[in-house]
Structures are given as structure tokens and as C-alpha cells.
Amino acid sequence: MMRDEKGMMTPELRAEIDAILTASGNDGSKLVGILLDIQDIIPMHYIPEEVAYYLAEKLNVKVSNVYDVISFYASLYDRPRGQYPIQMCESIVCGVNDNGFVFATLQEMLGIGLNEATADGKYYLECVPCFGACDVAPAVRVNGKVYGHLNSREKIEAMLAELV
Amino acid sequence: MTKTVTFMTRNFNKYDVMSIDEYIAIGGFTALKRAITMDGEDIAREIAACQVKGRGGAAYDMGKKWSQARSEKNPEKVIVCNADEGEPCTFKDRTLIQNDPFNLLEGMIIAGYTMKAQNGYIYMREEYSHLRPILLNAIKQANEKGYLGKNILGVEGFDYQIHLYSGAGAYVCGEGTALVESIEGKAGRPRMKPPYIKQCGLYNLPTCVQNVESLSLVAGILNNGDTYKSYGPADCLGTKLVSVAGNVNRPGVYEIPFGMTVREIIYDLAGGVQGDRDIRLIQFGGASGKIAPASVLDTPYTYDDLKGAGVGVGSGAILVVDERTSVIDFLTTTQQFFSHESCGQCAPCREGNLHIKLLLQKVKAGTHTASDVKLLKQIAETMMITSLCGLGQAAQSALLAAMKHFPQTFEVK
């Protein structure tokens with residue numbers, strides 16, 4: 001299924017969004033969960049402006065309310081990220097288990113800095129607070145899946161190899 | 001591991017978490033069946049007799065909370081299960097949801113019966129989105145078997161439904177009023193109190209918020225309260241899940257009887273410190289918890305003993321940091337967390353976190369003066385007293401404890 005890279009609303013995307021809205025009973029009080037579900041199906045994992053306006057109309061809430069929610073929650077994004085946003089834990093438990101090695105190695109391997117995407121839009125690097133994987137620190141999380149014990153170059157390579 | 005116990009974790013790996021039939025086959029829902037023959041006040045009393053304190057961090061007397069929630073007059077009430085465990089180094093609730101979702105549900109249904117609530121909401125952090133299918137399936141199967149829905153188990157008027165809501169990466173939403181704002185579909189900014197959520201919470205209804213671990217205790221206590229009471233010293237009965245991580249050899253979640261020493265937890269259960277290094281500091285209860293040097297090792301893990309040692313149980317996290325990390329680097333990383341997570345609504349927390357970050361930078365660079373150190377303490381104490389919610393009030397616990405236990409970190413050069 002092809003969608004415009006800029007996040008324009010295609011008929012397919014509209015149908016998928018409508019299905020998410022129907023499943024949640026078009027209930028504006030479920031806005032947080034609805035936005036998360038939609039962000040999951042958008043290839044670059046963010047909420048495009050057009051989608052935000054569409055939601056406001058369908059759920060009968062103000063656009064400013066939609067953006068209040070998007071900008072408040074750290075897991076909601078209003079800018080394109082990548083197909084595989086790699087979330088690196090920056091909290092203390094991964095910190096004392098040398099997450100600096102993970103940051104440096106990923107930046108070097110992918111040739112990008114923090115909050116940047118590779119030229120093909122496939123990988124994106126970001127730092128996030130603790131996601132509760134302290135038992136396998138240092139860890140990263142990609143599209144909901146946790147990869148832990150990233151204490152060697154080989155393990156980081158293996159993690160990247162899984163993202164296809 | 002012989003030193004751990006299996007009261008809360010008794011069902012782990014005993015059944016397929018996607019099958020309610022298997023849960024029933026190992027004795028699931030017997031506590032609920034007993035509960036519906038009891039008066040709600042008696043249920044609250046049994047919990048109180050086990051001295052259970054809320055496991056989210058505030059350690060509020062759980063029996064008392066249930067009793068108070070019962071006495072609210074509003075005919076409509078809600079139960080909220082707080083599964084937003086966002087404290088760094090805390091991952092015990094994740095383990096409970098992953099390994100025994102039906103036990104959690106059973107606890108929530110008993111809570112609903114006791115407090116005469118119509119709806120229960122599980123608010124789970126986005127970071128645990130991989131556990132959503134487990135809970136959605138549990139709720140669906142419980143509905144099919146008549147453990148949720150109308151006239152549950154044939155009790156006339158016992159109508160109760162459980163809903164799953166997701167957080168979206170906001171630590172502050174672990175705070176009760178922010179949590180209910182978030183379930184209502186809004187940004188999770190804490191409300192002014194009063195009114196307290198027990199009187200006026202989610203959708204302005206009386207709301208009883210309980211942590212995953214607290215609710216996971218309920219079925220076990222109704223079935224085997226005496227077993228629970230057989231653990232721990234007389235003034236701190238029962239068992240507790242601790243999540244131990246950091247520079248230890250075997251990080252993980254362990255169920256311990258209260259009264260086990262911190263040394264036993266770290267060295268016997270968690271396998272000691274990586275590379276047998278010395279401990280720089282231990283933080284209890286997550287990022288908002290206090291820190292202590294290794295002298296705390298022989299303290300028994302109970303509410304009072306930890307308090308006496310200047311720390312606390314909090315979320316049940318035990319973070320071990322070895323000598324490779326300096327106190328100031330530890331504080332800087334912790335501060336980065338709170339600077340990120342402050343919602344920015346009230347001035348003490350918003351401005352305080354900013355200025356503490358700047359002052360810590362000076363301490364790290366060694367360019368601080370005596371008046372900087374004084375100011376650091378003043379701001380931290382002001383945040384503690386004047387912030388609107390628990391986030392700002394507890395954000396500087398580690399800093400204040402560090403100033404007490406590690407004064408050399410702040411010495412003016």
C-alpha cells in the first residue's frame with residue numbers, strides 16, 4: 001500500500017483511521033489511545049497535521065485540544081521520524097550500564113545524530129526515559145519491541161539486522 | 001532461589017496467560033466466589049488485618065482506603081488500576097501483568113464488588129504496549145465466562161466492566177489526578193486538590209486508584225490470608241515484590257518476605273555487584289526515592305526500618321550503583337529525568353527543576369560557591385513543600401539525601 005511520504009491523507013489511510021475510530025466508538029475521551037493507534041500505522045510514526053484536523057472534525061473536539069494532547073505526551077510526535085524509530089533509554093539504570101556505548105555505536109553505525117533519520121527514512125534515533133526494561137539494561141525499544149543487553153557491537157548489529 | 005517466596009508469584013508459569021480455563025483449573029476466581037458471599041466491609045477488614053499498604057509508592061493503608069471508598073455516597077463509582085509504573089528501575093508491575101493477568105483482574109473485580117463500583121479502568125503505560133493483547137484477551141474471556149458484565153456470578157445488581165486505557169509516555173500520569181485527566185482523553189496535568197479523587201475523580205465520580213501489585217494481592221489474601229500473615233516481622237507482615245537493577249549480576253523482580261536485609265536482597269538474590277566492586281550508593285523506590293551509602297546494607301527491608309535508615313520502600317525499586325559512577329553524575333542523570341518529566345504547570349517544579357539542573361552543572365564543573373550549595377538546598381526544599389503534585393514534591397529526594405550522606409560531593413574547592 002503506497003502512501004504519500006509527507007503524510008497526506010490517502011483513501012487507504014482514511015479507511016484505516018475510520019476503522020480505529022469505529023473500534024473506539026468515536027469516543028473523544030479515548031483520544032490518547034486513538035492517537036497512539038494511528039501513529040502506529042503511519043509509516044513514519046507520527047501524527048501528520050492533516051490527520052490531526054481530520055480527528056478533530058470526526059471526534060468533534062477542537063484542533064487545539066488534539067495538539068494539546070500531542071504536544072503534552074512524549075510518546076506522541078508531530079514530526080516524521082522513521083520507519084524504525086530506535087528509542088534509546090537515557091535513564092539511570094541503563095546509564096550505569098554504559099548506555100553511552102549504545103548511543104555512540106548506533107550513531108556511528110547509522111551515520112546519524114540524535115533526533116535524525118537516515119537518508120532513506122528507515123532508521124531514526126531518539127532518547128527516551130526508562131521504559132521498564134532495567135533487567136536487560138542497556139536497552140532500546142523499536143516500535144514497541146524491547147532489545148536488551150546491548151553491551152557489544154555484535155549485539156547491536158544483530159538488533160539492527162532484525163529491523164527489516 | 002530459596003530465599004524468595006511465592007505468594008504473589010504463586011501462579012507464575014503455572015498456566016497459559018491467554019486461557020481463562022487454565023486459570024480456573026488452578027483455582028482461579030475462588031477468591032471472587034468467596035468475596036460475593038461476604039459483606040464488603042469484611043473484605044476491607046481482612047485486607048486491613050494483613051496490614052497491606054498500597055504498593056504504588058505512597059504506602060497508604062489499603063484496608064482503610066477500601067473502607068473509605070465504600071462509604072462514599074455516590075451510587076456510581078470507579079476503580080482505577082494504576083499500571084503506569086514510570087519510576088526508573090521499577091518493573092514489578094510488568095512482571096505481574098505478563099505472568100498472571102487473571103489474578104490482577106480477579107483483584108479488580110473483588111475491588112468493584114467491595115466498593116460497589118460499576119467500572120474499572122486499567123491505565124497502562126505506553127511503554128508496556130506489548131502487554132495490551134494479554135489484558136484485552138483476559139477482559140474478553142472474563143466477559144464470556146460471566147466474571148464481568150451484568151449480574152456477575154448470579155449476584156443481582158453486581159454489574160461491573162473493566163476497560164483498558166493507554167498512557168503515552170508521561171511519568172506525571174502516575175499521579176492520581178493526572179491519571180484520570182489522561183483517561184478522560186486530555187493532557188495529563190495534575191488537578192488542584194481538594195477535591196480529592198476519592199470523592200471526585202474520573203468523570204467527577206468517586207475514584208479508588210490502586211497499584212497493580214496491591215490489586216494482585218487481593219485474591220491471595222482472601223484465599224490464604226494466614227499464609228500471607230506468616231511472612232515478615234509482626235509489625236510488617238507479608239511479602240513484597242522488589243525490582244533490583246543497576247550494577248548487579250542478576251537484575252530482576254524478586255518476591256521477598258518483609259524483613260529480609262538489603263544485603264541479602266542484593267548479594268543473595270541479585271547475585272552481588274558486577275565485578276565485585278564497591279557500592280557507591282543505593283536508591284530505593286525509583287528516581288523520586290532517596291539514596292544511601294552501603295551502610296544501609298544491613299537494614300531489614302520493612303517500611304519502618306528503611307524509614308529509620310533515611311530511605312523508603314517507595315515503588316519497590318532497588319537501584320545499585322557501583323563505584324564507577326560518581327554521586328554528581330548520578331544526580332545529573334536523575335535531574336535530567338525530572339526536567340524532562342515536569343509537566344510545567346506549577347512554578348516550583350518547572351522553575352525549580354531548571355535551576356537545580358543549572359546548579360548541578362556548576363557542581364560538576366567544580367565552579368560552585370558556598371552560596372550555590374545553599375541555594376541548591378533551598379530550592380530543593382521549596383519544591384518539596386510547595387509543588388502542586390507528588391512529582392515536584394519528591395523530585396529532589398535523591399539530591400537532599402546526597403547532601404546529607406555525601407557532603408564531599410558539594411564541597412567548595
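List of remarks:
- Only one entry of B:Ala83, B:Ala59 meets the criterion of being surrounded by fewer than 17 Cβ atoms within 10 Å (Cβ to Cβ) and closer than 25 Å to B:Ser288 by Cβ, and that entry is B:Ala59.
- Residues within the range A:94-116 that are farther than 19 Å from A:Lys145 by Cβ and within 10 Å of another protein chain (Cβ to nearest Cβ), tallied: 4
- The set of residues from the range B:327-343 being over 23 Å from the mean Cα position of the chain (by Cα) and open to solvent by 30 Å² or more (accessible area, probe 1.4 Å) comprises B:Asp329, B:Thr332.
- In summary, strands (runs of 3 or more DSSP E) completely within the range B:189-305 and bearing 1 or more residues that are closer than 20 Å to B:Ala178 by Cβ occur at B:207-211.
- Cβ-Cβ contacts under 9 Å between residues 6 or more apart (or on different chains), taken from a first residue in the range B:184-198 that is surrounded by 13 or more Cβ atoms within 10 Å (Cβ to Cβ) to a second residue that is basic (Lys, Arg), are listed as B:Gly185/A:Lys30; B:Ile197/B:Arg191; B:Lys198/B:Lys65.
- Residues located in the range A:26-44, provided they are surrounded by fewer than 18 Cβ atoms within 10 Å (Cβ to Cβ) and away from chain B (no Cβ under 11 Å): A:Asn26, A:Ile41, A:Pro43
- Condition met for B:Asn103 (among the polar types (S, T, N, Q), part of a strand (DSSP E or B) and in contact with a helix residue (DSSP H, G or I) (Cβ under 7 Å, 6 or more places away or on another chain)): no
- Within the range B:147-173, the set of residues being open to solvent by 30 Å² or more (accessible area, probe 1.4 Å) and out of contact with any strand residue (DSSP E or B) (no Cβ under 6 Å at 6 or more places or on another chain) comprises B:Lys150, B:Asn151, B:Leu153, B:Gly154, B:Val155, B:Glu156, B:Gly157, B:Asp159, B:Tyr171.
- Scan of the range B:313-322 for residues that are away from every other protein chain (no Cβ under 11 Å) and either hydrophobic (A, V, I, L, M, F, W, C) or surrounded by fewer than 23 Cβ atoms within 10 Å (Cβ to Cβ) (or both), ordered by number: B:Val313
- Flag if B:Lys116 is open to solvent by 10 Å² or more (accessible area, probe 1.4 Å), more than 23 Å from B:Thr239 (Cα to Cα), in contact with a Leu (Cβ under 7 Å, 6 or more places away or on another chain) and modelled with pLDDT of 95 or more: no
- Residue ID - nearest to A:Asn26 (Cα to Cα), chosen from residues in the range A:51-60 that are open to solvent by 40 Å² or more (accessible area, probe 1.4 Å) and not polar (S, T, N, Q): A:Lys58
- Extreme residue, nearest to A:Ile41 (Cα to Cα), among residues of the range A:107-164 that are charged (D, E, K, R) and open to solvent by less than 40 Å² (accessible area, probe 1.4 Å): A:Arg141
- Scope the range B:274-305; condition more than 19 Å from B:Ala402 (Cα to Cα) and open to solvent by less than 60 Å² (accessible area, probe 1.4 Å); matching residues: B:Gln274, B:Pro300, B:Tyr301, B:Thr302, B:Tyr303
- The listed residues are A:Ser91, A:Ser152, and the only one of them that is within 12 Å of another protein chain (Cβ to nearest Cβ), more than 17 Å from the chain's Cα centre (by Cα), small (Gly, Ala, Ser) and over 28 Å from A:Glu49 (Cβ atoms) turns out to be A:Ser91.
The values are calculated or read from the model by the stated rules, or taken from the named source; none is laboratory data. Note that this is a predicted model, so its numbers are computed, not measured. All Cβ positions, glycine included, derive from the backbone under ideal geometry; neighbour counts span all protein chains shown. Note: accessible area is taken over every heavy atom of the protein model, side chains too, but ligands, DNA and RNA are not part of it. Shrake-Rupley method; radii C 1.70, N 1.55, O 1.52, S 1.80 Å.
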